[in-house]
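Novice: Below is a structure I'd like to ask you about.
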Amino acid sequence: MKHFIKETDFKAHELPGLFALAQSLKQGRGRHTPSSLAGQTWAMIFSKSSTRTRVSFEVGIHELGGKAIFLNKNDIQLGRGETIADTARVLSRFVHGLVVRTFDHDELQQLADFGSVPVINALTDLLHPCQTFADAFTLAERWGRGGDLVGSLRGRKIAFVGDRGCNVANSWILGANMFGMKISLAGPAGFDAAPEFDQLLAREGFAKGYEFTSDPYEAVRDADVVYTDVWISMGKEEETAERIKVMSPFTVTPELLAAAKPDALFMHCLPAHAGQEVTQEVLDSPRSIIFDQAENRLHMQKAIMATLAQSVHAG
Ligand code: CP
Ligand code: NVA
């Protein structure tokens with residue numbers, strides 16, 4: 001049985017099939033009724049706010065023929081101290097899959113270890129793999145039109161500017177290495193990824209798989225994509241004043257985007273804070289593909305759920 005806790009839970013040889021499935025689900029949406037989750041119920045346990053992830057999963061489960069139950073962590077006994085292990089064991093008796101958004105990445109691993117149904121990472125402090133895969137699909141749709149979707153990513157360069165230690169940056173380091181892309185990150189010192197992430201990178205053989213610079217112009221040189229995320233991730237609100245101060249040289253401006261390749265695209269996982277990590281002009285520019293990214297969360301997550309559900313039957 002398969003989980004999707006980190007990007008590398010999918011192996012390189014599985015990616016072309018996954019991307020092709022996302023594409024066919026997108027093209028057939030509203031015309032064909034897939035039944036990959038027919039008769040199934042999936043629980044969504046969220047400890048943090050969400051617009052895109054929550055709605056795309058609820059809609060996606062419905063469109064695959066299943067039913068979603070949304071559980072705010074504080075509404076279930078987990079929020080009052082019931083163990084993760086018991087929660088996983090109990091929910092596995094009722095539902096066919098778990099979609100989880102939480103703080104501590106290890107909680108997710110425990111749910112997978114003690115439960116007996118597929119677990120999907122809907123964002124932790126460490127990683128946001130559904131975002132990376134939907135983003136990569138968004139790029140592949142443009143670059144690999146009519147041909148090799150996954151192969152079209154190979155050799156491209158992505159520049160991540162801003163909070164270079166956040167979950168989306170970490171996920172893109174893993175993703176870039178899997179997709180054969182180069183990644184260069186620019187951000188202020190002192191906001192590095194958690195040591196847990198370095199250990200994960202080393203285990204995956206990607207320890208040297210990124211460049212880091214404190215100069216955003218150096219990071220975006222020859223980049224095909226300029227990517228940013230909020231400076232104050234969920235759970236970091238107490239550091240707001242300090243983060244705004246030290247990250248202010250890292251705003252993605254029209255000038256910075258112009259220093260990338262002439263046809264470079266701008267990406268942001270959203271929600272955006274215009275005037276902080278990016279200007280409104282960049283968000284609104286023709287280079288910005290932020291809403292394609294958001295839409296593709298739905299199609300890619302449907303493909304991921306269908307694959308995981310099938311893995312249960314495969315044993
Ligand atoms: N990008 C993303 O995960 O958005 P939400 O926090 O709205 O789910
Ligand atoms: N880094 C952001 C991503 C939101 C989708 C956060 O964790 O809040």
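The values are calculated or read from the model by the stated rules, or taken from the named source; none is laboratory data. None of these values were measured; they are calculated from a predicted model. Here Cβ is always computed from backbone atoms with ideal geometry, including for glycine, and neighbour counts include all displayed protein chains.
Okay, residues lined up against (1) part of a strand (DSSP E or B); (2) farther than 15 Å from Leu108 by Cα:
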{"position": "His62", "(1), (2)": "no, yes"}
{"position": "Gly65", "(1), (2)": "no, yes"}
{"position": "Ala68", "(1), (2)": "yes, yes"}
{"position": "Asn74", "(1), (2)": "no, yes"}
{"position": "Ala85", "(1), (2)": "no, no"}
{"position": "Leu91", "(1), (2)": "no, no"}
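Novice: Just one of the numbered conditions (1) within 13 Å of ligand 1 (Cβ to nearest atom); (2) touching a residue at least 40 places away in the same chain (Cβ under 8 Å) is not true of Phe70; which one?
Specialist: Phe70 satisfies every listed condition except (2).
Novice: Please work out if Ala306 is hydrophobic (A, V, I, L, M, F, W, C) and either over 19 Å from Ala159 (Cβ atoms) or surrounded by 19 or more Cβ atoms within 10 Å (Cβ to Cβ) (or both).
Specialist: Yes.
Novice: Turning to a different aspect of this structure: State the number of residues belonging to region 1-47 that are hydrophobic (A, V, I, L, M, F, W, C) and not in a helix (DSSP H, G or I).
Specialist: 11
Novice: Regarding Ala207, is this residue more than 16 Å from ligand 2 (Cβ to nearest atom) and modelled with pLDDT under 95?
Specialist: Here the answer is yes, as Ala207 does meet what is asked.
Novice: Quick one: which residue in Ala169, Ala134, Ala122 is under 19 Å from Ala260 (Cα atoms) and either buried (at least 24 other Cβ atoms within 10 Å of the Cβ) or hydroxyl-bearing (Ser, Thr, Tyr) (or both)? Spell out the reasoning first.
Specialist: Numbers: Ala134 fails: under 19 Å from Ala260 (Cα atoms); Ala122 fails: under 19 Å from Ala260 (Cα atoms).
Checking each option against the conditions leaves just Ala169.
Novice: From the list Ser56, Ser50, which residue is touching a residue at least 40 places away in the same chain (Cβ under 8 Å), surrounded by 14 or more Cβ atoms within 10 Å (Cβ to Cβ), in a helix (DSSP H, G or I) and within 16 Å of ligand 2 (Cβ to nearest atom)?
Specialist: Only one candidate qualifies: Ser56.
Novice: Of the residues that make up region 37-44, is at least one touching a residue at least 60 places away in the same chain (Cβ under 8 Å) and within 13 Å of Arg101 (Cβ to Cβ)?
Specialist: Within region 37-44, the subset touching a residue at least 60 places away in the same chain (Cβ under 8 Å) is 37, 40, 42, 44.
Of the ones still in play, those that are also within 13 Å of Arg101 (Cβ to Cβ) are 44.
Looking for residues that are touching a residue at least 60 places away in the same chain (Cβ under 8 Å) and within 13 Å of Arg101 (Cβ to Cβ), one finds at least one in region 37-44, hence yes.
Novice: Additional query: Would you mind stating whether Leu108 is within 16 Å of ligand 1 (Cβ to nearest atom) and in a loop (DSSP other than H, G, I, E, B)?
Specialist: no
Novice: Residue check: is Ala193 within 16 Å of ligand 1 (Cβ to nearest atom) and either aliphatic (A, V, I, L, M) or closer than 30 Å to Thr41 by Cα (or both)?
Specialist: So Ala193 does not fit the description; no.
Novice: Yes or no: region 180-203 includes at least one residue that is within 13 Å of ligand 2 (Cβ to nearest atom), assigned to a helix (DSSP H, G or I) and touching a residue at least 60 places away in the same chain (Cβ under 8 Å).
Specialist: Looking through region 180-203, none of the residues is within 13 Å of ligand 2 (Cβ to nearest atom), assigned to a helix (DSSP H, G or I) and touching a residue at least 60 places away in the same chain (Cβ under 8 Å).
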